[in-house]
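Rule-based calculations on the coordinates, nothing more; no lab input. Quick caveat, the model's predicted, so the values are computed rather than measured. Don't worry about glycine lacking a Cβ; one is built from the backbone with ideal geometry, like all the others, and counts go over all protein chains shown.
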Amino acid sequence: MDAPFRWQRREELPFTKENFAALLDNEIPALRIRGFASQAECKQFIGAMDGANMQYYRLAPVGYIGTAQVEYRWGKSKADYFEACARAWKDWHYVVDRSWNPLERMMKMVADLTGKPTRVADEPEGRCFAGIIRKASKGTGRHVDYAPMNTPGWNIARIDQQLGWNLFFEAPLVGGETTIWNKPWNVKAEAGKEPPMSYGLGNDAISGAESWTYKAVDGDVVIFNTRNPHEISGGKDGRERLQIGSFIGRMPDRSFVFWS
Ligand SMILES: [Fe+2]
């Protein structure tokens, strides 16, 4: 039995070059950028969502604008994904063009902080989608997001670390928390084969692991290492958990790619 992983510091740290590197190495649980967006910017963005094409998953009470690559790992083709991306960018621009662009702001901040190039991820077949807008007020199940193991064979599977950032436009004051377990996912995945299921993870995926729970706060960005199992609890006060975010993957040349 391997010794459990231990974070070197069990706290939420600010967005500095050292802390960003520590998060990539899974030495700390999370980073928070307080006031990434002003309250006025949050309101403006929510207002711009009026009339947008919000879709809902068949099985989960989660609304979204854009598309999630996770949906195209099982039973769908890569071509299906890029077809969805074209529609996703159109729906997304409806909101962003009438307000402001959080994705662009985040990509610039990561580039400035690390001194490395950032870009939206691409594959030989086309450009990925990044910056999904989500309404997940009832929470989500336990899962991991790590492209080398759940998207083998894709260009994004060449990354060696995967982070996720989310900006919260509105967040529950009670509930709506994210819990992260320090137990990086480690399964066998092969190109051309169905990847292992990364959603609905049981207790074996987190047994013996320390955890960290963070609160979503209006205007803040929180970043964590999504190779660790994580889940979101339901909001309990009627407020929405309205957010935008994407993954940040580190490529072999140390540049960063963004996708959702
Ligand atoms: Fe996730």
So how do Ser137, Ser99 line up by other beta-carbon neighbours within 10 Å, fewest first? Ser99, Ser137
For the range 12-259, what does the relative contact order come out to in percent, with C-alpha contacts under 8 Å and a separation of six or more? 28
So the pair-distance distribution of the range 12-259, from every Cα-Cα distance in 5 Å bins, comes to percents of 1, 6, 13, 19, 21, 20, 13, 6, 1, 0
How many angstrom separate the Cα center of the range 165-186 from the Cα center of the range 99-142? 16
Measuring from its Cα centre, the chain shows a charge dipole (+1 at each Lys and Arg Cβ, -1 at each Asp and Glu Cβ) which, in debye to the nearest 20, is 80
Seen from all sides and averaged, what is the projected area of the convex hull of the Cα atoms in the range 11-137, in nm²? 9.6
Cut-off of 10 Å, at most 16 other beta carbons, DSSP loop: longest stretch of the chain lacking such trypsin sites (Lys or Arg not before Pro): 139-187
What full-extension length gain, to one decimal in nm, is calculated for Glu125 and Asp97 as 0.36 nm per residue of separation minus the Cα-Cα distance? 7.5 nm
Exposure proxy ranking, count of Cβ atoms within 10 Å, fewest first, for Ile46, Ile244, Ile156, Ile223: Ile46, Ile156, Ile223, Ile244
Testing the spin-label approximation: label points 7 Å from Cα along Cα→Cβ at Thr179 and Leu113. State their distance in nm. 2.6
At 222 nm, what value in deg cm²/dmol follows for the chain if DSSP H runs of at least 4 each add -39500 (n - 2.57) and the sum is divided by all its residues, to the nearest 500? -6500 deg cm²/dmol
Value of relative contact order over the range 1-134, rounded to a whole percent, pairs C-alpha under 8 Å and six or more apart: 23
Just the projected area, averaged over all directions, of the convex hull on the alpha carbon atoms of the range 216-260: how many nm²? 4.2
What order do you get for Leu242, Leu59 when you list them from fewest to most C-beta neighbours inside 10 Å? Leu59, Leu242
DSSP loop chymotrypsin sites (Phe, Trp or Tyr not before Pro) in the range 35-108 with at most 16 other Cβ atoms within 10 Å of their Cβ, which ones? Tyr57, Trp74, Trp100
Say a site is exposed when it is one of the GluC sites (Glu not before Pro), sits in a DSSP loop, and has at most 14 other Cβ atoms within 10 Å; what is then the longest site-free stretch of the chain? 12-124
Taking 8 Å as the Cα distance limit and 6 or more residues as the minimum spacing, I'd like the relative contact order of the range 154-260 as a percentage. 49
